[in-house]
């Protein structure tokens, strides 16, 4: 009797395993701690139910995300099976063997990169850039955009005051200079009995903040990293007169149109400044826009969104990430299973519904997409003109040099814009010489 | 006759072992006792130091284990010593070091002298004064960023109350001129109690009869202070300066939390700069050379200082 019972239990267990197709694994997905990460937790419940695998999540706050995750990869750590890493990490991830190359897997599973927006495939998946070598699946499209207090912009008294002061209508800015003018108009202005300020921009020194903010102006003025892509010839591109002008513009913006004490601010500080009613406008990643729109105090009818305004050209700073399988994981099969599941159009549609930014064409090209959220059309417009930082294996060194030169000039008021950019070329040249690329 | 513990240990030792030990010289037994300590010292101190010196002559990067490592001779040292940005971080460190020590010694000694006078509530005041140094530097750094906040920070309001200035008219951690002082103020607030405690120990070690003898000789309070108090507390004070000097030379957590090295790089102390080179840029060889330069600097200065301290003690 006892034996029969034992056999029955064994048979049931085997049958159960068969239903799931394989042994269940505990997978850990690493990402930054922000709004879309919560949406992904929700989305992944479906994967758990379908596959039998258990999903764990390691979310690290943005200021420490790169530090924490790159240390993890460099030490060959097994904390993460899946990593949604920043676009700039792709070079290091590929060349240092941190990420699994996904070409064979994509071919075997019929996953085509043609199904994803070309800009996101180029930025999040390929290394060397633009080559058909894929180390990630585009997971979260993103760019730096702007939002503003629509209720203030539409207030008749404020509109009249703006008209009287500038001779122009108060509207969503159509250029970087117009945006500065509007921000300066709001700077120190009394609205509803409180002093308000122009805009919250990125000035953070420690990780990537001021670079991500200032490049919004630099790209719009026509800044380029190299004279010819892949040449590492930076003289005249990085320190062009247009680049210097853009940097001077960002410094003026910082000095004349931001709240006091705004010297080391990034995403969180910008969101706080906007939600507490301190500023009329703020820059931040599109990833935060669903949460802002849902905010009971400043969301809904009170908020409006716009794409980074052009100056000499239309351009936005690229954010966003691809999802990669970590080469040190001993659960790579299960991790690949997750990617296969995530790449499905139905899952991508749900991802967008939950607040994630899908890069799948089936979602982006849907006729109803532009009207699906008040910022959806801006997102598409931004993604059409995105530019990204260096994605070289030495990206961290390149980024830290830019952080230092920009912060020294913009916040610490040392030297001129031209000097800052000239020194930046010296730093980057030294790095590329060390890398054997120059 | 009662047995001593040594007798009991000798009797408990098995004859075979006892015979073997009896054959060892005193020097051999001494080596057996110190060997584990020496082994640990070699493993956790000396070996890493030698390894770091070795790495400092290479272009090694810890995040590129597959890249070929090349010996670059003294290039890393040359780069560091001719880099104007590194000299700026050295200047920032020197400013921080000198002013924190000066302020902590002056305020710490004054507080110790006051606390040493017997009055009601003496113990309570001692406990209150000592509280800041019991906090975590990361916590202190964090909450001082709020105190320094130009719009809501208490510090700005207190200064505004006494000066009549607008609280949001100045930024302690956002201004190039004020930020170096902002970190000095916080470190002084946190670590003055430590100097005070050491000075207090020195003051309490002075026997009363010396002051009584001086009083009989009709020495004024002022003369007693300069000829008895100061010389007898000086070795303690110098010890406090040594501790604070070494600690502040490698200051990291408090300043990172407070300013992150900014604005620009005006509060980027050498330890912060070194961390960025080693663990953010991953220039391991370069950072090793940097660490060796700092080590030699601290070691050299500390050795000179300890010699001076010993001379003061001998007086």
FRET efficiency for residue A:422 and residue A:24 from the Cβ-Cβ distance with R0 = 56 Å, rounded to 0.05, comes out at 0.45
Calculated from DSSP helices alone, with each H run of at least 4 adding -39500 (n - 2.57) and the total divided by the residues of chain B, [θ]222 nm to the nearest 500 comes to -22000 deg cm²/dmol
With a Förster distance of 41 angstrom and the Cβ-Cβ distance between residue B:230 and residue B:46, calculated FRET efficiency to the nearest 0.05 equals 0.55
Cβ density ranking, 10 Å radius, fewest first, applied to B:288, B:205 yields B:205, B:288
Everything considered on the Cα gyration tensor (a ≥ b ≥ c; rounded for a/c under 1.5, else prolate if a/b is larger than b/c, else oblate), the protein assembly as shown must be described as oblate
Between the modelled labels at residue B:219 and residue A:71 (7 Å from Cα along Cα→Cβ) the distance in nm is 5.4 nm
Listing B:239, A:247, A:424 by rising number of other beta-carbon atoms within 10 angstrom, fewest first, gives B:239, A:424, A:247
Taking Cα atoms, the helix A:241-257 axis meets the longest principal axis of chain A at an angle in degrees (rounded to 10) of 80 degrees
A correct Kirkwood calculation over the Cα atoms of chain A returns a hydrodynamic radius in Å of 23.1 Å
To the nearest 10 degrees, the tilt of helix A:35-51 (Cα long axis) against the first principal axis of the alpha carbons of chain A is 10 degrees
By Cβ neighbour count within 10 Å, fewest first, B:166, A:295, B:208 rank B:208, B:166, A:295
Candidates A:179, A:55, A:69; GNM for chain A (alpha-carbon contacts under 10 Å) flags as most fluctuating A:55
If the chain between residue B:79 and residue B:205 were fully extended at 0.36 nm per residue, the gain over the current Cα-Cα distance would be 40.4 nm
From DSSP H assignment alone, runs of 4+ in chain A each adding -39500 (n - 2.57), the sum over residues rounded to the nearest 500 puts [θ] at 222 nm at -14000 deg cm²/dmol
Mean separation of Cα contacts under 8 Å (at least 6 apart) over the residue count of chain A, i.e. the relative contact order in percent, is 24 percent
In terms of the alpha carbon gyration tensor, root eigenvalues a ≥ b ≥ c, rounded if a/c is under 1.5 and otherwise prolate when a/b exceeds b/c or oblate, segment A:165-225 is oblate
By the Cα gyration tensor axes a ≥ b ≥ c (a/c under 1.5 gives rounded; else a/b larger than b/c gives prolate, otherwise oblate), the shape of chain B is oblate
In degrees rounded to 10, the 0-90 angle between helix A:62-74 Cα long axis and the longest Cα principal axis of chain A is 40 degrees
dims of segment A:304-438, Cα set, principal axes, largest to smallest, nearest Å -> 52, 46, 25
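Rule-based calculations on the coordinates, nothing more; no lab input. These numbers were taken from a predicted model, which means no experiment stands behind them. Don't worry about glycine lacking a Cβ; one is built from the backbone with ideal geometry, like all the others, and counts go over all protein chains shown.
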